[in-house]
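Trainee: Take a look at the following structure, please.
Coordinate-derived values only; no laboratory data. All figures in this text were calculated on a predicted structure; none of them were measured in a lab. Because the Cβ atoms are built from the backbone with ideal geometry, glycine has one as well, and the counts that use them run over all protein chains shown.
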Amino acid sequence: MAHQIIAIDGFASTGKSTLSKRLAAYLGYRYIDTGYMYRAISYYAMTNGLVKHNKVDEQMLISQMTSLQFEWKEDSRGVLHIAINGLIQGEELRTNDVSNLVSEIASIPEVRSHLLTQQRNLAKVQSVVMDGRDIGTVVFPDANHKFFLNADAEIRAQRRFDEMQAKGIPASFEEVLKNVIERDKRDSERKIAPLKKADDAIEINTSNLNVDEVFDILCGYVRE
Ligand code: DC
C-alpha cells in the first residue's frame with residue numbers, strides 16, 4: 001500500500017497535536033508537528049541575534065535558512081523531538097515569546113518554501129499524520145484524509161493556559177488569549193498558505209468535546 005497521509009489543520013490550540021500524536025500511534029504512522037518546525041526557526045532567530053526590538057532580520061534569517069539542519073530524534077519513550085543543527089528543542093518552543101514571534105516568521109515566503117520541501121520529504125519515507133495550518137490545502141492537497149479543527153477562542157486559550165501551567169511555563173490567561181486571537185488573525189490573513197479549511201476537509205468543532213470524543217470521530221472517518 002502507498003504511504004498514507006492524514007492532514008490535520010486548524011486554529012491554534014484546538015488539540016491538533018494531542019490528537020495527531022494519538023492517531024499516529026494508533027495507526028502506526030509517523031507524527032509530524034509542522035508548527036514545531038516554525039517554532040524551532042523562531043527560537044533559532046531569537047537566540048541567534050536575528051530579532052532586534054521585536055523585528056526579525058529577514059534577510060539574515062533567509063541567508064542562514066539553507067544551512068539549518070532539521071532532524072527528528074526519538075527519545076527512550078518513542079517521542080520525537082526536533083533538533084536544529086544537532087540541538088534538541090523542547091518546551092522552550094512553547095513559551096509566549098516564541099508564540100508571539102512565530103506568525104511573523106511563518107509569513108516569510110522563503111521560510112515556508114524551505115519547510116514545505118522538508119515536510120513533503122518526511123512523508124516520502126512512511127505514512128504520516130501531519131498537523132499544521134496548510135497541510136490539507138498546500139503541503140498535501142491529495143492527502144488521504146483531511147480534518148480541520150476549530151473551537152471557541154476562550155476555550156482554546158484556557159486549554160493552552162492549563163497545559164502551560166502543568167508544564168511550569170509562565171503565562172497569564174489574558175496573555176495567552178490575546179496571543180491565540182492575534183495568531184489566528186495573522187495566520188488566516190497572510191498571503192501565502194493562509195490558515196483555511198480545504199474544501200474537502202472534514203470540520204470538527206471541539207469546543208464541547210473531550211479528546212476521547214474527538215479521537216473517536218477521527219478514527220470513525222479513517223476506518224471508513
Ligand atoms: O501549531 P502551532 O500553534 O505550534 O503553530 C505555531 C505557528 O506556526 C502558527 O501560529 C502558524 C505557524 N504554522 C504555519 O504557518 N503553518 C503550519 N503548517 C504550521 C504552523
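Trainee: Along the positive direction of the dipole of the stretch 17-166 (beta-carbon charges: Lys, Arg +1; Asp, Glu -1; about the Cα centre), which of 96, 36, 24 reaches farthest?
Mentor: Positive-most Cα among the choices belongs to 24.
Trainee: A further question follows. Run lengths n ≥ 4 of DSSP H only: what is the helix-derived mean residue ellipticity at 222 nm for the chain, with -39500 (n - 2.57) per run over all residues, to the nearest 500? Walk me through the numbers on the way to the answer.
Mentor: On the way: 8 runs with 107 residues, N = 224.
The per-residue figure over the chain is -15000 deg cm²/dmol.
Trainee: Report relative contact order for the chain in percent, whole number only (criteria: Cα-Cα under 8 Å, sequence separation at least 6).
Mentor: Numbers: 324 pairs, mean separation 75.0, N = 224.
Relative contact order of the chain: 33 percent.
Trainee: Counting only other residues whose beta carbon sits under 12 Å from that of residue 43, what net charge do I get with K and R as +1, D and E as -1?
Mentor: With Lys, Arg at +1 and Asp, Glu at -1, the net is -1.
Trainee: How big is the dipole moment of the stretch 1-127 about its Cα centre under a simple scheme where the beta carbon of each Lys and Arg is +1, that of each Asp and Glu is -1, and everything else is neutral? Debye, nearest 20, please. All intermediate terms of the calculation are to be shown ahead of the outcome.
Mentor: Working: 13 positive and 12 negative charges, 77 e Å.
Result for the stretch 1-127 is approximately 360 debye, rounded to the nearest 20.
Trainee: If you don't mind, another one. Quick one: net charge around residue 209, please, counting Lys, Arg +1 and Asp, Glu -1 for every other residue with C-beta under 15 Å from its C-beta. Spell out each step's value before the answer.
Mentor: Working: positive: 16, 22, 156, 159; negative: 152, 203, 212, 213, 216.
So the environment of residue 209 carries a net charge of -1.
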